[in-house]
1. For segment 123-132, indicate whether the set of residues that are touching a strand residue (DSSP E or B) at 6+ places or on another chain (Cβ under 8 Å), in contact (Cβ under 8 Å) with a residue 24 or more places away in the chain and over 23 Å from Q186 (Cα atoms) is non-empty.
2. Within segment 9-39, restricting attention to residues that are surrounded by 18 or more Cβ atoms within 10 Å (Cβ to Cβ) and small (G, A, S), which residue is modelled with the lowest pLDDT?
3. Which numbered condition trips up Q82, out of (1) outside any loop (DSSP other than H, G, I, E, B); (2) open to solvent by less than 70 Å² (accessible area, probe 1.4 Å); (3) without any contact (Cβ under 8 Å) to a residue 40 or more places away in the chain; (4) closer than 21 Å to I32 by Cβ?
4. If I go through segment 95-126 residue by residue, how many of them are at pLDDT 90 or above and in a helix (DSSP H, G or I)?
5. Here is a list of conditions, (1) in a loop (DSSP other than H, G, I, E, B); (2) open to solvent by less than 40 Å² (accessible area, probe 1.4 Å); (3) among the polar types (S, T, N, Q), and S210 meets all of them except one; can you say which number that is?
Amino acid sequence: MKYIFAFLILLSFSSCQITETINLNSDGSGNIEYYNLRDENSFAQLGRQDLRYEKFRDTIFTFQDYITKYQDTFVRFNKADQALFTEHANVKMHIKTDPVQMENFNKVSLDFKKIDAIPDIYESLGLANSLKENYPIHRKSYQIKCTFDGTVFKRVFTITDPEKFEKDKKEMEEREKIYSKYKIVQSYTLKYFFPKKIKSVSNEKAILSSDRKSLILEVQLSDCLKNPEITNLEVILESKDFQ
């Protein structure tokens, strides 16, 4: 089951538009949202299944809902896994599949008090599937960590399992060769909103808004998967927000 899930992840990443949005308040609280929209034209080129076999689904739930609903499964996991599930308890998830309107997306979001204390919402849906289906947790080979002290915001990508990361990277490169003949939409966009004006940003590809209180960084998903450090950011805000 975990290998099927991994394949679906690769297929999804090969035909999607991912947007990560963060809204930060001056006290360090805020909201983070991960939005994954499947590009139907790209998915069609890759040989998707007949839409008649896709069922309409539009469901919104929290991870705690899953912990409660699948409590019998939850208690079968070891203490470390249970603790990981609990870390995601307040994460909200919205999954929609509409074969008629050709709409397919998943949205994961979380309100937080301090961004450096949030769980990795990129793995929330995978963990929810593990809990529901009672199969081993699919461990990632990397970690994305954000920090904010009121003036400096950092987004840092760290490889936690080099061997697995290189293996996944090679698989993605091989898959990219297969997909190179298609016109595939693969975008990965960061949209960050800050409580004060931006003084400087480390990534030269980041585009600042006219009021300098937000930025957008867009890269090709395939480039990001091969060289994820390109999404690293250090944003320094003005000490005072002069109008």
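The values are calculated or read from the model by the stated rules, or taken from the named source; none is laboratory data. Computed from a predicted structure; not experimentally measured. Cβ sites come from the backbone with ideal geometry, for glycine too, and all protein chains shown count toward neighbours. Remember, those area values only see protein heavy atoms, side chains included, never the ligands or the DNA or RNA. Shrake-Rupley method; radii C 1.70, N 1.55, O 1.52, S 1.80 Å.
1. Initially, segment 123-132 is screened for residues touching a strand residue (DSSP E or B) at 6+ places or on another chain (Cβ under 8 Å), giving 124-125, 128.
Then drop every residue that is not in contact (Cβ under 8 Å) with a residue 24 or more places away in the chain, which leaves 124-125, 128.
This time we only want the ones that are over 23 Å from Q186 (Cα atoms), so: 128.
Yes, some residue in segment 123-132 is touching a strand residue (DSSP E or B) at 6+ places or on another chain (Cβ under 8 Å), in contact (Cβ under 8 Å) with a residue 24 or more places away in the chain and over 23 Å from Q186 (Cα atoms).
2. S14
3. (4)
4. 8
5. Evaluating S210 over (1) in a loop (DSSP other than H, G, I, E, B); (2) open to solvent by less than 40 Å² (accessible area, probe 1.4 Å); (3) among the polar types (S, T, N, Q) leaves (2) as the failure.
The rows are residues; the columns are (1) modelled with pLDDT of 90 or more; (2) in a helix (DSSP H, G or I).
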position	(1), (2)
A128	yes, yes
T147	yes, no
G150	yes, no
K169	no, yes
K181	no, no
K196	yes, no
S200	yes, no
L217	yes, no
E234	yes, no
